[in-house]
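A quick write-up on the structure given underneath.
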Amino acid sequence: MPDLILRLALPSPLRRLFDYLAPADVPPSVLQPGARLRVPFGRREIVGVLVEVTQQSDVPPDKLKPALELLDSEPPLPPALLKLCLWTAQYYQHSLGDTLSWALPTLLRQGEPAEVRQERIWLPVEGARIDDPRLSRAPRQREALKAVLQHPQGVRHSLLSTLQLNRDSLELLLEKNLLRTETRRRAPRVHNGGWLAQPELPLNAEQRAAYEAIRAGFGSFQASLLAGVTGSGKTEVYLQLIRETLEAGKQALVLIPEINLGPQTLARFEQRFNARIALLHSNVNDRERLDAWLAARDGEADIVIGTRSALFTPLKNPGLIIIDEEHDASYKQQEGLRYHARDLALVRAHQENLPIVLGSATPSLESLHNAEAGRYGLLKLTQRAGGAQAPRFLRLDIKSLPLDSGISGPLQQAMRQTLEAGQQVLVFLNRRGFAPTLLCHDCGWLSQCPRCDARMTLHQRHNELRCHHCGHVERPPRNCPSCNHVDLRPVGAGTERAEERLSILFPDYPVLRIDRDSTSRKGAIEELLSTINRGEPCVLVGTQMLAKGHHFPRVTLVAILDADGGLFSADFRAPERMAQLIVQVAGRAGRAEEAGKVIIQTHLAEHPLLVQLTEQGYFAFAEQALSERRAAGLPPFSHLALLRAEAHKPGQAEDFLDQAYLQAEQLMDELGLQGIELLGPVPAPMERRAGRYRAQLLIQGSARVPLHRLLHAWLPYVETLPGSRSVRWSLDIDPIDL
Ligand code: ADP
Ligand code: ZN
Ligand code: ZN
């Protein structure tokens, strides 16, 4: 019989599989796709995933090496997930091995057994009592026993320090036969009656209609866009759909944007359900991630909540997928495998025949377009649940108004009134630091980053100039590096400066800054939130961190200091992002009894998109923006791919892209592909970044199929272009920033 050839996906950027011989002593029957093997690779040993077993190889037999070890008797990767990864690699034109590396928990990639850690559980023996005479002179042991007795399910070893239990005391109790231990794979299901730990809210008419419509599609693929204004009770609809899913014996997968998975969100799920919740986000460690992943796979987690990459969590009995805030940019991965978790979730729902709900107060234009085209059911929630009122918008024309650290006179007045009425004000400014640049008033020198085509931001508190693009840090010069004069002035305002100025303008009220810098310390955000939630009048100033997830019931005035960036930008998605941000920030206001007010400072007070947004609302804006996109042939009315390249020497990246361009043109001819345009190459919007010169080539197709045929045929050429060795390049399918 000929030797069996194993075709493996290896963690390598090369878009091909690698052939090996089966390890010596392994019977063919256990070699199933999805199993991991340890193999020699160059001088290293690495872990690969078996994709197929064949009997032929293009590699000469004497060059084939045997795999060293089979790591799994059962493939850790269920077929459905392997299928999703295959689709992902194909669609994003990415190496399957590297795709699997992004999809799998780190420990599995490293060859760790695909088994849940055995955990030691401490339990009292029958009849153990704290007045046991043997403990009369051992107060610490008595305390420890008392603590354990309060946990009828036993105390997990990993919780000892959390519960402040002393390990030595427990060991002594074990010797005295008052405690015993057990090793358990996982905490057993806690079930005291139904799935609900808390009664559900009676749904209002709109919520009920949405809920019924989605529920009617349970059991098969159906995509629904739940477009509900902030506070309209989308989460309540999700929760009731999840309950429905659990009752059917199935699991729910909930994806949340990176910034939203705070304790608040989690608490809502935990309070509602008697269910095992697996968490997968950037703060869980590798071991916890693997345990959560395995629990989901084995059907021992009922609800899986996580950020982008949780999309790749296998589910034994999947019943429902929810994508909260589906418009959020954090669903798109911007490095390596540049996938969009929302788009892949739709593919997954389709492959596994599941209902999927995309929720947002400000749906992406793509999703709205899909809903209009009848591909998604569109369910609108227009009223705030619990009777809160929608905010009113005011465009404040600042063309001829003097600004004081970005704040106009009329805005100051409105803020004062609000504070004096005992309410809170939120000031939104999407720029961190003190000032976006430092300027020499004598010669015009600017604090340019030495490595980027960008200015360094002044961070006064740390007395630093920082580049927000490459991380370069310098001390601000005392004298102008160019003319040696001392008249260096910060220009423009970031959150630090706004905070400083607002503290002077409103000395009687606390001014709280919320941005990445002020919340980087653990627990800082919780402290800020608890101050805000006390409800006393104050000013919150911050970046888009303020726009997401948090509820500020006492905020009745929202000020947007500068909305113009979104209207001026060269990126065609900028207005959409601006509108989403404004609506999301506005959604923080007027949640309780009072309607909130939103003041938008702008130089373009009559811009049609801004007028549409503030007078007719987000959907009217979206209509208008979509018709502009249609007229310009931009997504979602066409499809894009972006080939990016960067190099140390100027011109190299563009040379490489020129070569790639010629190849693409030739292929389009050969394959007879129509409706594809090659735009570029052009320098990237910020040409130099972190010391590299960057350029890009945009490929636009009126239909997806020919575009992807071209990309598929093109990439093998691109990989071998003479220039490809001196540049760093990547292909971004459906890029979201151009
Ligand atoms: P969203 O997710 O759309 O922002 P939430 O689900 O967070 O909205 O709901 C906003 C507020 O309204 C919450 O305090 C929630 O408890 C409350 N709420 C939601 N649905 C109802 C309902 N049917 N009846 C009363 N209050 C509700
Ligand atoms: Zn100067
Ligand atoms: Zn820089």
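Computed from the coordinates by the stated procedures, all read-outs in this text should not be read as laboratory data. Quantities reported herein were computed from a predicted structural model and do not represent experimental measurements. Glycine gets a Cβ as well: all are built from the backbone with ideal geometry, and neighbour counts include every protein chain shown.
For the chain, averaging the sequence separation of C-alpha pairs within contact (under 8 Å, six or more residues apart) and dividing by the residue count gives a relative contact order of 10 percent. From the alpha carbon centroid of the range 432-451 to that of the range 83-104 is 43 Å. Using the rule -39500 (n - 2.57) for each DSSP H run of four or more residues, divided by the residues of the chain, the 222 nm mean residue ellipticity is -9000 deg cm²/dmol.
Positive end of the dipole of the chain (Cβ unit charges, origin at the Cα centre): among Tyr661, Phe619, His485, the Cα lying farthest that way belongs to His485.
Does the range 1-74 come out rounded, prolate or oblate by the C-alpha gyration tensor, with a ≥ b ≥ c the root eigenvalues, rounded set by a/c under 1.5 and, if not, prolate when a/b is larger than b/c and oblate if not? Because its axes are fairly even, with a/c under 1.5, the range 1-74 counts as rounded. By the Cβ distance rule of under 4.7 Å, the chain has these cysteines without a partner: Cys85, Cys470, Cys538. In terms of surrounding Cβ atoms within a 10 Å radius of their Cβ, Val611, Val486 rank from fewest to most as Val486, Val611.
Residues Met456, Met545, Met668, ranked from the fewest to the most other C-beta atoms within 10 Å, line up as Met545, Met668, Met456. Coupling constants for the range 440-446 follow from the phi torsions by the Karplus curve (6.51 cos²θ - 1.76 cosθ + 1.60, θ = phi - 60°), and in residue order they are 8, 6, 8, 10, x, 4, 10 Hz; glycine and proline get x. Near Val541, the amide H atoms lying under 5 Å from its own belong to Val427, Leu512, Arg513, Ile514; only residues 5 or more places off or on other chains count, and H is placed 1.01 Å from N. With the convex hull drawn around the C-alpha atoms of the chain, the volume per residue stands at 221 Å³.
Please report the antiparallel percentage of DSSP beta bridges with both residues in the chain, rounded to the nearest 5.
55 percent
The HN-Hα couplings worked out from phi for the range 353-360 by the Karplus form 6.51 cos²θ - 1.76 cosθ + 1.60 (θ = phi - 60°) are 6, 10, x, 9, 10, 9, x, 5 Hz, whole numbers, x standing for Gly and Pro. Projecting the Cα positions of Trp122, Thr106, Pro139 onto the charge dipole of the range 105-150 (unit charges on Cβ atoms of Lys, Arg, Asp and Glu, taken about the Cα centre) puts Pro139 furthest along the positive direction. Sorting 66-74, 231-239, 529-537, 423-431 by their mean Cβ neighbour count within 10 Å, with the most densely packed peptide first, gives 423-431, 231-239, 66-74, 529-537. Shown here for the range 269-368: trypsin sites (Lys or Arg not before Pro) in loop regions (DSSP other than H, G, I, E, B) with at most 16 other Cβ atoms within 10 Å, namely Lys316. Rounded, prolate or oblate: which fits the range 432-501 when a ≥ b ≥ c are the square roots of the eigenvalues of the alpha-carbon gyration tensor, with rounded for a/c under 1.5 and prolate only if a/b beats b/c? Oblate is the answer for the range 432-501, as a/c is 1.5 or above yet b/c matches or exceeds a/b. By the beta-carbon count within 10 Å of each Cβ, the least crowded to most crowded order of Glu606, Glu628, fewest first, is Glu606, Glu628. Starting from the Cα gyration tensor of the range 605-738, take the square roots of the eigenvalues, sort them a ≥ b ≥ c, and report rounded, prolate or oblate (rounded when a/c is under 1.5, otherwise prolate if a/b is larger than b/c, else oblate). It comes out oblate by the Cα gyration axes. The amide H of Ile46, built 1.01 Å from its N in the peptide plane, has Val39, Phe41 as neighbours under 5 Å, considering only residues 5 or more places off or on other chains.
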